[in-house]
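Chemist: The structure that follows is given in the form of structure tokens.
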Amino acid sequence: MLFLLLFPAFFTVEAQTFKGKVVDADKGQSLPFVSILIKNTQVGTLTDIDGKFDITIPAGSEASALQISYLGYTGQVLPFDAIKDPEKILIRLKSNGIELSTITVIAGENPAHRIIKKATKSRERNNPEKMHSFSYNSYNKFFVTADMSANIDSVSAEDTTLNAIAKFFKKQHLFLMESITERRFLFPNNNKETVKASRVSGFKNSPFALMATQMQSFSFYDDFISVLDEKYLNPLSEGSTKKYFFLMEDTLYDKSDTVFVIAFKPKKNKNFNAMKGVLYINTNGYAVQNVIAEPDRPDDYTLSIKVQQKYEFVEGKQWFPVQLNTDWVWKNATVSSKKDPTQKANMKAVSRSYIKDISLNPEMKKRQFNEVEVEVDKNADRQDEAFWDKYRNDTLDKRDKKTYHKIDSIGKAENLDRKILFVEALFNNRVPIGMFDLNLDKILKGNQYEIIRLGAGLHTNQKFSKRICIGGYAGYGFGDKGWKYGGDLSLSLWKKKELSLAVSYENDLVESGGTRFFENTRTLTTSELYRDVYVSMFDRIVKTQASLNMRALKYFRLSFFANHQQRYGQTAFGFVANDGTTFLRDTFNFNEAGVQVKFLYKEKFLQTLRSKISMGSDFPMLFVNIAKGFDQTIGGQKGDFDYWKTEAKLEAVRTFKTIGTTRVQLVAGKIFGDLPYTMLYNNKGSFLGKFGVSASNTFETMGLNEFVCSEYGSVFINHNIGRFLKIRKKFNPEFELVQNIGFGRLENPNSLFNQSVNSLEKGYFESGFRLLHLLKSGVSTFGIGAFYRYGPYQKQNDIDNLAVKLVLGIKI
């Protein structure tokens, strides 16, 4: 009897390791964060984002089976003696069809809230970007394929449904891109990511690179989670239990830690940019261990997105993301079979990032960082396979290799490298043609004065010279029947500091009473540019200028300039002669010198092999102009006016947790001295008849050139509260409130002739709203806006104070 009791001690079972993968039984898709537990114990693990697991049974254990459980799936018990190959276990789980929306909530205190509040309170400690410093390498993979009703690999030869498409995607992807990056971070916001290797199917020279933080937020700890540039309220933000519904789904065990599985979704009748999904909260620091989340959208929404994150407790000190996944399916974009066009499948894109070689709190200095946040190594697209294999999570499979082989051959035949240069140039308004770039912004213009202007502009590019750029343009206006032309030359003196010397000449038109700021580029997504079409009052300008441009103190861009300009105005100016008589002139000479400044704190850049691209900043952007005019003859050029002119503009954007996004623009100017109308301020009115197109950061109810000032200040406030209806497939309008206020004063109105003169001493006020994205066609959207003018400059008839306008927009 004693022998039987002691027998297990002499014949213990050696430690056994099991490795495998868990997939959906129907679709064959990998299932992340599945609980793999040694039955009848609290020892277990979770699958990674790719569904893979690795678990070791301790020596001497009497366990006989693995217990598998997963939210929304029927669990399994897998006996050890049923496992044929412990290194290649494939577990197929069946969906049980239970979703969060179908679960009945039991009244009383929600037990999940205690965990969520602890996790929220611990965000500061668990957020890796609150550490002193860190560094890591990441391998990133992105490919485009088809979203099949059944997994591609599970479609049999006998299955005729989608068989042709499935056969194709079993062999290759539509597109494949890989990159290897190194990131270094120093608190609070010093960041540098270097693309060490990049490969894009179809291209010999990689035109772009993929980074781990490009598709989604690096961690799940900020107030907002970014997914493809869209922001969603984090379920772990302060006060989230008032906005989100949480449900405790399961309690799991990962080694010695307890993991709470909590499902979340927005509460009913709560309208905000929300997500839904599952959080895995580890009791070790109440940190996020895993996340599965997606935007809360209807099932038939055109774009479906899912993000997944996995964290590990690195060096026993800090939870750190080690895998980031993003999958999205376009339900309005399909791939079809040539043989049978009725066979269609939605297009799907997959992004995978694997973070490794993590170093916590390495020694770093602030001087090691600069304004370039992302930089592409000059050898990034020339790394060999040995280099790639050091970082890849797995070697390339047959499908990946064929994609590169097939798409690379197509790319070579179609000369995609050259075509991507063409596309890149479109964003810079320049199309390369040999040693020259064609300036797209000089081809076509429209306004109320010229009606239509047709023209062309050319500049030399780096094929001509890396230091010298020469260019010119010419155009003809059909309304004023006049030619406009100009030319410029710039010399790069110090590339690192962006120091350059430039000279230019222009014989063109300038808006009367308008203002220009240095490097104030307006993108196609801003409606402010629509005002340009309304402008009708221009002056002829002949201008010669020299400038010295540079970057200083990291975040300043400066342009020191001196010019002579002659303006032919539509409005006469009264000069007082020595004998006291007044004579009128409409031609004016200016000798001017000054500086233009652009300041954007913490502005970051992407440095590619060809160009340096601004990635913007979360801080306000400031523009300043300071100019001094001389009433002297300088270099043989006469100046008629002695003056100082100062101008400033501040632009800021702030997104709030639940009440939307506010955009503010403050603009002001002041002139010391008497100047003609052409050099004053017209206050940016954009009203031209009862109906028109809305232009942000303008006075929607103010006529063009209705007011003129020698000093002024304006504020334009736009607050977008976001969607005000439950999100739908196509109809998702947004509501935006508008408040514009302006004040101004004209110093010497009696000197202006041939033009009605009104100033803004009493203050100009208008309020209104925009309904955005009422209709959608492709990426273009159409809405409506209404604005009302009131206060001291309100017109007598109420209807004359109202402006109703079309609102144009872009929505992807």
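The values are calculated or read from the model by the stated rules, or taken from the named source; none is laboratory data. Here the structure is a predicted model, which is why all the values come from computation and not from measurement. As a convention, Cβ positions derive from the backbone with ideal geometry for all residues, glycine included, and neighbour counts pool all protein chains shown. Just so you know, the surface numbers come from the protein's heavy atoms only, side chains and all, with ligands and any DNA or RNA stripped out. Shrake-Rupley method; radii C 1.70, N 1.55, O 1.52, S 1.80 Å.
Chemist: Inside the range 440-454, can you point out the residues that are closer than 26 Å to S512 by Cβ and modelled with pLDDT under 90?
Modeler: D441
Chemist: Considering only strands (runs of 3 or more DSSP E) fully contained in the range 424-490, which possess at least 2 residues that are closer than 25 Å to S614 by Cα and within 33 Å of the chain's Cα centre (by Cα)?
Modeler: Ranges flagged: 430-433, 436-439, 451-460, 468-477.
Chemist: Condition first: open to solvent by 20 Å² or more (accessible area, probe 1.4 Å), farther than 21 Å from R352 by Cα and among the small types (G, A, S). Can you find one or more residues in the range 223-242 that meet it?
Modeler: yes
Chemist: Anything in the range 590-609 that is touching a Phe, Trp or Tyr at 6+ places or on another chain (Cβ under 9 Å) and surrounded by fewer than 17 Cβ atoms within 10 Å (Cβ to Cβ)? List them, or say none.
Modeler: Listed by number, the residues that qualify are A593, V595, Y601, K602.
Chemist: Let me ask something else about it. Just to verify a result, which residue in the range 628-651, among those that are closer than 15 Å to A668 by Cβ and of a type in the set (A, V, I, L, M, F, W, C), is most open to solvent (accessible area, probe 1.4 Å)?
Modeler: So, considering only residues that are closer than 15 Å to A668 by Cβ and of a type in the set (A, V, I, L, M, F, W, C), the one most open to solvent (accessible area, probe 1.4 Å) is W644.
Conditions (1) open to solvent by 50 Å² or more (accessible area, probe 1.4 Å); (2) of a type in the set (D, E); (3) out of contact with any Asp or Glu (no Cβ under 6 Å at 6 or more places or on another chain); (4) under 25 Å from L688 (Cβ atoms), marked per residue:
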residue: V708; (1), (2), (3), (4): no, no, yes, yes
residue: G722; (1), (2), (3), (4): no, no, no, no
residue: F731; (1), (2), (3), (4): yes, no, yes, no
residue: N740; (1), (2), (3), (4): no, no, no, yes
residue: E747; (1), (2), (3), (4): yes, yes, yes, no
residue: N750; (1), (2), (3), (4): yes, no, yes, no
residue: Q755; (1), (2), (3), (4): yes, no, yes, yes
residue: S759; (1), (2), (3), (4): no, no, yes, yes
residue: S767; (1), (2), (3), (4): no, no, yes, yes
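Chemist: Looking at D674 and the list (1) in contact (Cβ under 8 Å) with a residue 40 or more places away in the chain; (2) open to solvent by 80 Å² or more (accessible area, probe 1.4 Å); (3) of a type in the set (D, E), which single condition is not satisfied?
Modeler: (2)
Chemist: What residue, among those in the range 652-669 that are touching a residue at least 12 places away in the same chain (Cβ under 8 Å) and among the charged types (D, E, K, R), is least open to solvent (accessible area, probe 1.4 Å)?
Modeler: Filtering first and then ranking leaves K657.
Chemist: Okay, moving on. Testing G75 on (1) open to solvent by 50 Å² or more (accessible area, probe 1.4 Å); (2) at pLDDT 85 or above; (3) within 30 Å of K267 (Cα to Cα); (4) of a type outside the set (K, R), one condition comes back false. Which one is that?
Modeler: (1)
This table checks each residue for (1) in contact with a strand residue (DSSP E or B) (Cβ under 9 Å, 6 or more places away or on another chain); (2) among the hydroxyl-bearing types (S, T, Y).
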{"residue": "N740", "(1), (2)": "yes, no"}
{"residue": "S780", "(1), (2)": "yes, yes"}
{"residue": "G783", "(1), (2)": "yes, no"}
{"residue": "Q796", "(1), (2)": "no, no"}
{"residue": "G809", "(1), (2)": "yes, no"}
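Chemist: Collect the residues in the range 262-271 that are under 18 Å from K306 (Cα atoms) and either open to solvent by less than 40 Å² (accessible area, probe 1.4 Å) or outside any strand (DSSP E or B) (or both), keeping them in residue-number order.
Modeler: I262, A263, F264, P266, listed by residue number.
Chemist: Sort out which residues of the range 610-662 are of a type outside the set (S, T, Y), part of a loop (DSSP other than H, G, I, E, B) and farther than 30 Å from T544 by Cβ, and write them in order of number.
Modeler: R610, D618, F619, P620, K657, I659
Chemist: Can you list the strands (runs of 3 or more DSSP E) found entirely within the range 11-87 that contain at least 2 residues being of a type in the set (A, V, I, L, M) and more than 20 Å from N290 (Cα to Cα)?
Modeler: Where strands (runs of 3 or more DSSP E) fall fully within the range 11-87 and carry at least 2 residues being of a type in the set (A, V, I, L, M) and more than 20 Å from N290 (Cα to Cα), they are 65-70, 73-79.
Chemist: Could you please tell me which pairs satisfy a Cβ distance under 8 Å, a separation of 6+ or placement on different chains, a first residue in the range 528-545 that is within 16 Å of R516 (Cα to Cα) and open to solvent by 40 Å² or more (accessible area, probe 1.4 Å), and a second residue that is of a type outside the set (G, A, S) and not in a strand (DSSP E or B)?
Modeler: Matching pairs, first to second residue: L529/R522.
Chemist: At least 3 residues that are modelled with pLDDT of 90 or more, out of contact with any helix residue (DSSP H, G or I) (no Cβ under 9 Å at 6 or more places or on another chain) and basic (K, R) in each: list the strands (runs of 3 or more DSSP E) lying fully within the range 183-253 that qualify.
Modeler: Passing ranges: none, list empty.
Chemist: Still on this model: Quick check on the range 684-706: of everything there that is touching a Gly at 6+ places or on another chain (Cβ under 6 Å) and in a loop (DSSP other than H, G, I, E, B), which residue is surrounded by the fewest Cβ atoms within 10 Å (Cβ to Cβ)?
Modeler: E706
Conditions tested, residue by residue: (1) at pLDDT 90 or above; (2) open to solvent by 70 Å² or more (accessible area, probe 1.4 Å); (3) over 30 Å from G316 (Cβ atoms); (4) not in a loop (DSSP other than H, G, I, E, B).
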{"residue": "L90", "(1), (2), (3), (4)": "yes, yes, yes, yes"}
{"residue": "G97", "(1), (2), (3), (4)": "no, no, yes, no"}
{"residue": "A119", "(1), (2), (3), (4)": "yes, no, no, yes"}
{"residue": "R125", "(1), (2), (3), (4)": "yes, yes, no, yes"}
{"residue": "E129", "(1), (2), (3), (4)": "yes, no, no, yes"}
{"residue": "F134", "(1), (2), (3), (4)": "yes, no, no, yes"}
{"residue": "N140", "(1), (2), (3), (4)": "yes, no, no, yes"}
{"residue": "A150", "(1), (2), (3), (4)": "no, no, yes, no"}
{"residue": "I165", "(1), (2), (3), (4)": "no, no, yes, yes"}
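Chemist: Note down all Cβ pairs under 7 Å where the first residue falls in the range 731-745 and is under 14 Å from N682 (Cα atoms), the second is open to solvent by 60 Å² or more (accessible area, probe 1.4 Å) and not in a strand (DSSP E or B), and they're at least six residues apart or on different chains.
Modeler: Close Cβ pairs satisfying both conditions: R745/E761.
Chemist: Quick one: what pairs do we get from the range 499-515, first residue closer than 14 Å to K543 by Cβ, second assigned to a strand (DSSP E or B) and among the hydroxyl-bearing types (S, T, Y), C-beta under 7 Å, 6+ apart or different chains?
Modeler: What qualifies is A502/S490; A502/S547; Y505/T544; N507/Y485.
Chemist: Pull out all pairs, ordered by first then second residue, where Cβ-Cβ is under 6 Å, the residues are six or more apart or on different chains, the first lies in the range 108-137 and is more than 10 Å from Y286 (Cβ to Cβ), and the second is open to solvent by 20 Å² or more (accessible area, probe 1.4 Å) and small (G, A, S).
Modeler: The qualifying pairs are S135/S359.
Chemist: Here's a follow-up. Given the criteria at pLDDT 70 or above, over 31 Å from the mean Cα position of the chain (by Cα) and surrounded by fewer than 17 Cβ atoms within 10 Å (Cβ to Cβ), does E158 qualify?
Modeler: no
Chemist: Need pairs with beta-carbon distance below 7 Å; first residue over 16 Å from L529 (Cα atoms) and touching a residue at least 40 places away in the same chain (Cβ under 8 Å) and within the range 441-464, second hydroxyl-bearing (S, T, Y) and open to solvent by 30 Å² or more (accessible area, probe 1.4 Å); sequence gap 6+ or separate chains.
Modeler: As it stands, the answer is Y449/S536, since those pairs meet every condition given.
Chemist: Considering (1) open to solvent by 30 Å² or more (accessible area, probe 1.4 Å); (2) under 27 Å from G514 (Cβ atoms); (3) in contact (Cβ under 8 Å) with a residue 24 or more places away in the chain; (4) not aliphatic (A, V, I, L, M), say which one K612 fails and leave the rest.
Modeler: With respect to (1) open to solvent by 30 Å² or more (accessible area, probe 1.4 Å); (2) under 27 Å from G514 (Cβ atoms); (3) in contact (Cβ under 8 Å) with a residue 24 or more places away in the chain; (4) not aliphatic (A, V, I, L, M), K612 is out only on (2).
Chemist: What are the residues in the range 769-811 that are within 15 Å of V738 (Cα to Cα), among the β-branched types (V, I, T) and open to solvent by 20 Å² or more (accessible area, probe 1.4 Å), if any?
Modeler: I784, V804, listed by residue number.
Chemist: Could you list, in sequence order, the residues of the range 423-439 that are of a type in the set (F, W, Y) and either modelled with pLDDT of 90 or more or surrounded by 13 or more Cβ atoms within 10 Å (Cβ to Cβ) (or both)?
Modeler: F436
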